[in-house]
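Worksheet: the structure to be examined is printed underneath.
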Amino acid sequence: MGNSSIINKLKEIGPGAIITASFIGPGTVTTATRAGAGFGFALLWAVLFAIVATIILQEMVARIGVVTKEGLGENIRELFTNKILKFASVYIIMIAVAIGCAAYISGDLLGTSLGVSYLFNVPENIVAPIVGVIILILALAGGYKVVEKLMVFFVILMGVVFITTMFIAGPDLPSLLEGAFVPAIPSGSIILVIALIGTTVVPYNFFIHAQTASEKWGDTSKLSSMRFDTILMITAGGIITAAILITAGALIQGTEVTSVVELAAPLEPLMGAWAPIFISVGLFSAGFSSAIASPMGAAATVSSFMRWKGGFENRKYKMIFAIVIIIGIITSAIGFEPLEVLLIAQALNGMILPLIAIFIMIVINKKGLMGDFKNSTVLNVAGWIITAVVTFLGVYSFIDAVTSFFQ
């Protein structure tokens, strides 16, 4: 590939950046920090697996979007001739994703505000609603182009922040490589392994990617640009997640942590006054980009199943986006984040992720629909292995949420 074609492909980056900016939210940042603090580099392999799984599944849904010129929801609808089955599958997935986005948006906004609160000593429930209002105005006034540019910017910013801190932390290379390539599940780490994979393979990202890819790359001649974007940006996301885990593993292994903010103090001897600023900027970027992606995920999923075309150009899409953000603004302002709602969202997520993965594998192999662009044997083997793993994770997550709910 010549320099000019790489530059051209870099200019076309977009949908992949949205997926990366979406999955690196406060949840991923906190999980990676806790994994590093609790188990050093031992769980790096889980980040590696999550990224490979995400690249494979997201490439499939983006390919479905480009080849069929339709979203994932439309394609899932077409799988059923039986009206009851069609109705059940469409509404179960649509409602589950929408509830999940609405349940997590408050956490995204509060996570965004953590960094600002830490730096300026302003209460989180004042900062979070302001961030929500800014996102609402930016997205509704600027539309997709503004969102795409913001997401690319935040991925670059997170990369600079967290990769710099990783190098400053000076991790031990042999044990880092062992953690990345020798899978181990130390005692007490299974929940974090599931969380590292579960916060990276996100159901609503499939709907966002199929929709944005079909709009961005209108025909199959652009599939190589789509793949370049998907692989490059999701790999960047994996490096950022790994960098957070590595920094925590190098600096605060053996401590109980609740937030990435706790990395600032051990970084201060190495970075001085820049340490809290760096960590706060990283956390703000992760939260802000995720807080854009949650309402976008709800809007893309509902639009796809309801066959509303045009993305941000469509008033109904904007309405769903606005409703989810407004829920976040209100709940983060009054500090309303009931554990029950989050547990219900987790249970629904655990239930629908395997379902969507199976649907993706069925759609991508339909010769009549995908033609020459259906999966190769190698991709099918990889796809079904990943589907089996996310099914196990989904069932585990569902049982965990249900038992916690009734405790």
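The values are calculated or read from the model by the stated rules, or taken from the named source; none is laboratory data. From a predicted model like this one, the values you see are computed outputs, not experimental measurements. Positions of Cβ are generated from backbone atoms using ideal geometry, with glycine treated the same way; all protein chains shown enter the neighbour counts. The protein model used for the area step is the full one, side chains on, heavy atoms only, and it has no ligands, DNA or RNA in it. Shrake-Rupley method; radii C 1.70, N 1.55, O 1.52, S 1.80 Å.
Listed values, structure above:
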{"quantity": "Verdict on residue 87 being out of contact with any strand residue (DSSP E or B) (no Cβ under 9 Å at 6 or more places or on another chain), without any contact (Cβ under 8 Å) to a residue 24 or more places away in the chain and assigned to a loop (DSSP other than H, G, I, E, B)", "calculated": "no"}
{"quantity": "Region 172-201 residues that are farther than 30 Å from residue 294 by Cβ and in contact (Cβ under 8 Å) with a residue 40 or more places away in the chain, paired with ones that are among the hydrophobic types (A, V, I, L, M, F, W, C) and part of a loop (DSSP other than H, G, I, E, B) (beta carbon under 6 Å, 6 or more apart)", "calculated": "175/41; 176/41; 179/41; 179/42; 184/42; 186/42"}
{"quantity": "Enumeration of residues in region 203-224 that are open to solvent by less than 20 Å² (accessible area, probe 1.4 Å) and either under 22 Å from residue 287 (Cβ atoms) or at pLDDT 90 or above (or both)", "calculated": "203, 205, 206, 207, 208, 209, 210, 212, 213, 223"}
{"quantity": "Matching residues, region 297-315, being more than 18 Å from residue 90 (Cα to Cα) and assigned to a helix (DSSP H, G or I)", "calculated": "311, 312, 313, 315"}
{"quantity": "Which numbered condition residue 255 fails, given (1) assigned to a helix (DSSP H, G or I); (2) open to solvent by 30 Å² or more (accessible area, probe 1.4 Å); (3) modelled with pLDDT under 90", "calculated": "(1)"}
{"quantity": "Candidates 128, 141 - the one that is open to solvent by 70 Å² or more (accessible area, probe 1.4 Å) and hydrophobic (A, V, I, L, M, F, W, C)", "calculated": "141"}
{"quantity": "Qualifying residue in region 338-346 (condition: open to solvent by 30 Å² or more (accessible area, probe 1.4 Å), in contact with a helix residue (DSSP H, G or I) (Cβ under 6 Å, 6 or more places away or on another chain), of a type outside the set (Lys, Arg) and over 18 Å from residue 91 (Cα atoms))", "calculated": "yes"}
{"quantity": "Sole exception among (1) over 30 Å from residue 64 (Cβ atoms); (2) touching a Leu at 6+ places or on another chain (Cβ under 8 Å); (3) at pLDDT below 95 for residue 265, by number", "calculated": "(2)"}
{"quantity": "Residue within region 317-325 that is in contact (Cβ under 8 Å) with a residue 12 or more places away in the chain, of a type in the set (Ser, Thr, Tyr) and in a helix (DSSP H, G or I) present", "calculated": "yes"}
{"quantity": "From the options 65, 27, 36, 100, residue that is at pLDDT below 90, open to solvent by less than 20 Å² (accessible area, probe 1.4 Å), of a type outside the set (Val, Ile, Thr) and assigned to a helix (DSSP H, G or I)", "calculated": "100"}
{"quantity": "Any hit, region 164-187, residues being touching a Phe, Trp or Tyr at 6+ places or on another chain (Cβ under 9 Å), surrounded by 24 or more Cβ atoms within 10 Å (Cβ to Cβ) and over 20 Å from residue 53 (Cα atoms)", "calculated": "yes"}
{"quantity": "Where a residue in region 261-282 is farther than 17 Å from residue 242 by Cα and its partner, wherever it lies, is modelled with pLDDT of 85 or more and among the charged types (D, E, K, R), with Cβ under 6 Å and at least six apart", "calculated": "275/268"}
{"quantity": "Per-region count, region 311-336, residues open to solvent by 80 Å² or more (accessible area, probe 1.4 Å), closer than 20 Å to residue 128 by Cβ and modelled with pLDDT under 95", "calculated": "3"}
{"quantity": "Leading residue by the ranking (nearest to residue 158 (Cα to Cα)) among those in region 225-239 that are open to solvent by 20 Å² or more (accessible area, probe 1.4 Å) and not small (Gly, Ala, Ser)", "calculated": "239"}
{"quantity": "Positions within region 47-62 being within 17 Å of residue 370 (Cα to Cα), surrounded by fewer than 24 Cβ atoms within 10 Å (Cβ to Cβ) and of a type in the set (A, V, I, L, M, F, W, C), in sequence order", "calculated": "56"}
{"quantity": "Long-range neighbours under 7 Å by Cβ, at least six apart or interchain, first residue modelled with pLDDT under 95 and open to solvent by less than 10 Å² (accessible area, probe 1.4 Å) within region 1-23, second of a type outside the set (Lys, Arg) and outside any helix (DSSP H, G or I)", "calculated": "22/202; 23/199; 23/200; 23/202"}
{"quantity": "Verdict on residue 157 being more than 27 Å from residue 386 (Cβ to Cβ) and surrounded by fewer than 16 Cβ atoms within 10 Å (Cβ to Cβ)", "calculated": "no"}
{"quantity": "Residue check for residue 54: under 16 Å from residue 360 (Cα atoms), part of a helix (DSSP H, G or I), out of contact with any strand residue (DSSP E or B) (no Cβ under 9 Å at 6 or more places or on another chain) and not acidic (Asp, Glu)", "calculated": "yes"}
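Okay, residues lined up against (1) among the aliphatic types (A, V, I, L, M); (2) touching a Lys or Arg at 6+ places or on another chain (Cβ under 9 Å):
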site	(1), (2)
179	no, no
184	yes, no
218	no, yes
223	yes, yes
228	no, yes
231	yes, no
